[in-house]
Amino acid sequence: MAQDIPSSDRQSGASDDPFDAEESVGNCVSTRQISAIHILDDRKILLEMSEGADIVMHLKYQCPQLKFHDYFSYEPTLGQLCAELDQITTRAGFHCDIGGFSKATLELESGQPSTP
């Protein structure tokens, strides 16, 4: 069964750089543990977790109109979203592959850009 996910509006100053593999949190996250979702841009989605640290879901490629519509749906595999296996679908009908997951940084969570 597909899950429809409207997102809370959240601004992000994060760059478009791909995620750092050293901050990876595994290949799958349990959908039961997701308490809120915030679309940061057309490639990153912040997953607020009910237990443990928040997670950023990185899409393999830019997903057209994801941030604009602020909405996506998904069909979990055995109650999980998994990198290299699952995908999300935007309101515009684009299918976008999940590339990986990483720990959310304070900058992403607060919507403030990091300063060098």
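The values are calculated or read from the model by the stated rules, or taken from the named source; none is laboratory data. Everything quoted here is computed from the prediction, not taken from an experiment. Note that each Cβ is placed from the backbone with ideal geometry, even for glycine, and that neighbours are counted across all protein chains shown.
Structure notes:
- If the condition is being over 16 Å from GLY26 (Cα atoms) and out of contact with any Asp or Glu (no Cβ under 6 Å at 6 or more places or on another chain), then the stretch 46-75 contributes SER50, TYR61, PRO64, GLN65, PHE68, HIS69, ASP70, TYR71, PHE72, TYR74, GLU75.
- Scan the stretch 28-70 for residues that are over 14 Å from GLN87 (Cα atoms) and of a type outside the set (A, V, I, L, M, F, W, C) and the total you get is 15.
- Within the stretch 1-59, if we keep just the residues that are over 13 Å from the mean Cα position of the chain (by Cα), at pLDDT 55 or above and of a type in the set (Asp, Glu), the residue that is nearest to THR105 (Cα to Cα) turns out to be GLU23.
- Within the stretch 51-62, considering residues that are touching a Lys or Arg at 6+ places or on another chain (Cβ under 8 Å) and assigned to a loop (DSSP other than H, G, I, E, B), the one nearest to HIS38 (Cα to Cα): ASP54
- Output for the stretch 63-91, where each listed residue is surrounded by 13 or more Cβ atoms within 10 Å (Cβ to Cβ), assigned to a loop (DSSP other than H, G, I, E, B) and not acidic (Asp, Glu): CYS63, PRO64, GLN65, PRO76, ALA83, ARG91
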